[in-house]
């Protein structure tokens, strides 16, 4: 997984003190992916996935899930079975993260909620996807919310982290409809929260 995503997105592998946690890092601090070993196997379609710029869909270790030409992109699975979408371009840069995509029961409402948290503006595509564009400090070009009929049923295997200036922001997020799942303790220094549809995210206080 580490080798695959390092090559696909264009990030360097940074080993940590734990064999179960590896950091993938780019030229900017926000260009970071943490790969954590977990005991459970993937059982259902990922509710959160990444989109990447690529020059070919012949990616070592990836498995095609859609036929060529079926969409304007290729749905693929990484070595762990996690879905992602590959957008073929004539040329790509050294950092190739394109979008973060989140399935939602109410894509419009959830996109609006996250735009309050991250900033930026919400746009609607011809296909009906709602996206946050222009949010400052995020490591992707847009955050897309795709309308789906099924509700979230388990812990997401992919989640995102945000930074806030003070601990007061935790209460502000709660007032907007987020829930605290775990507060800082002897094992973690961050707060684990869930958005209104139950998607987990971690909040790091930097101030």
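Observations
- Residue-level check: of (1) farther than 19 Å from residue 200 by Cα; (2) touching a residue at least 12 places away in the same chain (Cβ under 8 Å), residue 126 misses just (2).
- If you go through region 96-111 and keep only what is in a loop (DSSP other than H, G, I, E, B) and either outside the structural domain of residue 145 (by TED's automatic domain parsing) or buried (at least 17 other Cβ atoms within 10 Å of the Cβ) (or both), you end up with just 96.
A quick yes/no check of all residues on (1) closer than 25 Å to residue 23 by Cα; (2) under 18 Å from the mean Cα position of the chain (by Cα); (3) crowded, with 16+ Cβ neighbours inside 10 Å; (4) in contact (Cβ under 8 Å) with a residue 12 or more places away in the chain:
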position: 135; (1), (2), (3), (4): yes, yes, yes, yes
position: 144; (1), (2), (3), (4): yes, yes, yes, yes
position: 147; (1), (2), (3), (4): no, yes, no, yes
position: 157; (1), (2), (3), (4): yes, yes, yes, yes
position: 176; (1), (2), (3), (4): no, no, no, yes
position: 184; (1), (2), (3), (4): yes, no, no, no
position: 193; (1), (2), (3), (4): yes, yes, yes, yes
position: 202; (1), (2), (3), (4): yes, yes, yes, yes
position: 205; (1), (2), (3), (4): yes, no, yes, yes
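- Among the candidates 50, 11, the residue that is under 17 Å from the mean Cα position of the chain (by Cα) and more than 18 Å from residue 83 (Cβ to Cβ) is uniquely 11.
- Residue in region 141-150 that is at pLDDT 95 or above and in a helix (DSSP H, G or I) present: no
- You will find that of 43, 104, the residue that is within 25 Å of residue 145 (Cβ to Cβ) and in contact with a strand residue (DSSP E or B) (Cβ under 6 Å, 6 or more places away or on another chain) is 104 and no other.
- Verdict on residue 21 being surrounded by 12 or more Cβ atoms within 10 Å (Cβ to Cβ), within 28 Å of residue 104 (Cβ to Cβ) and without any contact (Cβ under 8 Å) to a residue 60 or more places away in the chain: no
The values are calculated or read from the model by the stated rules, or taken from the named source; none is laboratory data. Since the model is a prediction, treat every value here as computed from it, not as a measurement. Quick reminder, even Gly has a Cβ in these numbers, built from the backbone with ideal geometry, and neighbours come from all protein chains shown.
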